[in-house]
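Notes follow once the structure below has been shown.
What follows draws every value from the coordinates through simple rules; no lab data is involved. What you see is a predicted model, and the numbers here were worked out from it, not measured in a lab. Neighbour counts are summed over all protein chains in view; Cβ atoms, including those assigned to glycine, are modelled from backbone coordinates with ideal geometry.
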Amino acid sequence: MRRLALLLVALFAFTSSPVHATFVIVNLDGPGEGFNDPTPVAPVGGNPGTTVGQQRLNVFTKAGQIWDAILNSAVPIRVRAAFDPLPCAVTSGVLGSAGPTTVESDFSGAGFAATWYVGAEANRLTGTDIQPTFDDLEATFNSVIGTPSCLTSRSWYYGYDGNEGASGIDLLPVLLHEFGHGLGFLSLTDETTGDYFAGQPGIYERFLFDNVTNKLWINMTPAERVASAINTTHLVWTGPAVNANAASFLGKRARVQTSGALVGTFIGGQGVFSPAITLGGTTGNVVLVNDGVGTTSDGCNNPFVNAATVAGKIALVDRSGTCSFAQQALNAQNAGAIAVIIINNVAGPEPQLRGAAPTVAIPVVGVSQPDGNAIRVALGSGTVSATISLDPAKLAGADDSGRAMMYAPNPLQQGSSVSHWDVAAFPNLLMEPSINPDLGQNVDLTRLAFYDIGWFPELVAVEATSSQTIAFTHGPNPARGGGVLRFQLPDARRVQLDVFDAAGRRVAHLADAIMPAGAHSVQWSRTDDAGRRVGPGVYLARLKSGNVVKSLHIVLLD
Amino acid sequence: MRTIMSMILLLATVTSVHAEPAARIRTHSCDILLRLHPRAWQPLNTISPRTPGMRLEPDTGETVDPASLSPLGLQRTTHPLADIPVQTRADGSRFAVLGGRLRSYSVVSIGPDGKLIPDCVHSEQEAIDLVRAHAKNGGR
């Protein structure tokens, strides 16, 4: 019996002491509920669970594994988790919540003094569990979704494949998003007063920058931070990892260029439901729609009174409070429009066009209220021709200098403001305030923010020694294979080329030779020095030549 | 013996998902314990409209109990972290136990086209306000 007990202890020790970062889901639910719900279900979307409770646990574990592959902490990240009834009504409800349990500062290994880090990151940087009596994250999700009083027509979808269908709510991206906040993608500052938490900034706030005042948040007064938090499209991220890789994740920014009675260029918001806007674009004369009912220019009523005029033109419509973007676009398409411009009906930037409409086959773009009204007014004085296209030099979701924009609506949305990417990002990003249906599982540009906030100090140190004397690029990025590393040498010299993983360990030694001046390319087959395929995650390629060191990030997908 | 082997196999399948280990009993303050074990929230439509204080949202007819939409007994008018104490260790490092006070909340509503409209806010009160607002306007 003693031998059996020892065996059990050994088994537990083995299973609970992983060699690298492990998300441990601490199940707070009682017997028969939440994670322990015994209701039988069929496996779905790659989730092999056969009970509701097991499928819930599996999705939590899956989300943890995805973050684990990115963060690679030697210290397990523990998440206290439960499924409980949360505030809900028939047409709306709280899906869930999560956050960090503790924050730490001035610990051994902290990159900045007098700066808050969430507990999980502090643990990684010190290599120990600083607060062993506390778990790192807390998460509670709604157990009553789909019941008669809570989002009745919906249900959680526990698959891993994003095929939640029309009535499902995909749990996995919601978890990835909420875990992201708990792992440090959040501001601790009170945006209504501008005051730091306990008199000092969080590491996240150190990378917030206002491109109008040209000040970092840490160099602002509290009043300036209050103003910056609502400086829409001008609050940006200055982290080098994010901004160096932004072009790999963000598409080109949409624009509306007009001529005739109005000459101008206006920023456009793109829709996930309509065909991609192209660099060449769509050109035509603009016509304000008239659907004959209520706000006649909203195009909610079909058919349009002026359908004959709209046919073959670009339809201009006002954003509606009564029908969806997709419906407006579909009605315009039915009238024969070749494209649609939707004018925002509230202050702020161009609207981001959510929704789904598989039958919309024409480009759709949103413009701000002032921009749209300018086009509307110009139509009263003559013909306006417009081209809806992509700006080859600008990124959707970044400022003109390529810095990722943060969510800074005016008025402030306390809590939501600042702690998310701006909604102008396109394709959508995990850490936008809305968890959009087109998200993947690769944690997109968001993962690079975790480099910036210091999760990988080994790699940041390498990055900081970069020099401009050697051009060094990689593509494609992100990649499923290893991609090709290219560099241009100004003269013959010895070159060492290596790839490191997120923990700073060298995984592949690609070159060490004296090379002639000129262009060189090295194919990486996504294998380590032992020939094994390396897993998904962020890697750092480092080119070293004498005292010149250049590095870049490579994002490998599943 | 078969029973014993079954136990071993069962344990072996539990790799990353654990029940709360006895060795990690927490020493949270009462406040934190309250937050981690909030009273069960009562679904809106299961509450009798004749209960004192109940009201019907005029636009949608949904029954709303203002008390049920209060932030789980924690009335806050200031930032969620405003009154959290910071402790200093002997080595000069500092820490604060947030105890769930700084959570982000995912909220969805069903839009006029039947599609989900997601939002993310960072306090329970904001989440409740969103749910209440959507209940009031029927998701528009």
Discussion item. If you average the C-alpha positions of region A:488-553 and of region B:92-134 separately, how far apart do those two centres end up, in angstrom?
Written reply: 43
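Over the Cα atoms of region A:364-415, Rg to Rh with Kirkwood Rh, two decimal places?
Rg/Rh for region A:364-415 comes to 1.08.
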Response to the item:
Taking the alpha-carbon centre of each part, the distance from region A:74-129 to region A:380-438 in Å is 28
Worksheet entry | Principal axis dimensions, largest first and in whole angstrom, of region A:1-184 by Cα | 52, 51, 27
Worksheet item: Quick one: if you take sqrt(5λ) for each eigenvalue of the C-alpha gyration tensor of chain A, what semi-axes come out, biggest first, whole angstrom?
Response: 42, 32, 23
Worksheet, complete the sentence: Which of A:Lys394/A:Lys544; A:Lys252/A:Lys313; A:Lys62/B:Lys115; A:Lys62/A:Lys252; A:Lys215/A:Lys252 exceed 28 Å between C-alpha atoms? The answer is A:Lys394/A:Lys544; A:Lys62/A:Lys252
Discussion item. Tell me the net charge near A:Gly264. Cut-off is 12 Å between Cβ atoms, A:Gly264 excluded, with +1 for each Lys or Arg and -1 for each Asp or Glu.
Written reply: 0
Worksheet entry | Square roots of five times the Cα gyration tensor eigenvalues for region A:254-395, Å | 19, 17, 14
Worksheet item: Local charge sum around A:Arg533 (other residues, Cβ-Cβ under 11 Å, Lys/Arg +1, Asp/Glu -1)?
Response: +2
Worksheet item: Pairing the Cα long axis of helix A:240-249 with the longest principal axis of chain A, what angle in degrees results, from 0 to 90 and rounded to the nearest 10?
Response: 50
Discussion item. To check you understand DSSP bridge types, tell me what percent of the beta bridges within region A:76-154 (both residues inside) are antiparallel, rounded to 5.
Written reply: 55
Discussion item. As a test of the formula, what do you get for chain A when each DSSP H run with n ≥ 4 contributes -39,500 (n - 2.57) and the sum is divided by the residue count, at 222 nm and rounded to the nearest 500 deg cm²/dmol?
Written reply: -6000 deg cm²/dmol
Worksheet entry | Angle between chain A longest axis and helix A:325-334 axis [Cα atoms, degrees, rounded to 10] | 40
Worksheet item: For helix A:369-379, what angle does its Cα long axis make with the longest principal axis of chain A, in degrees from 0 to 90 and rounded to 10?
Response: 30
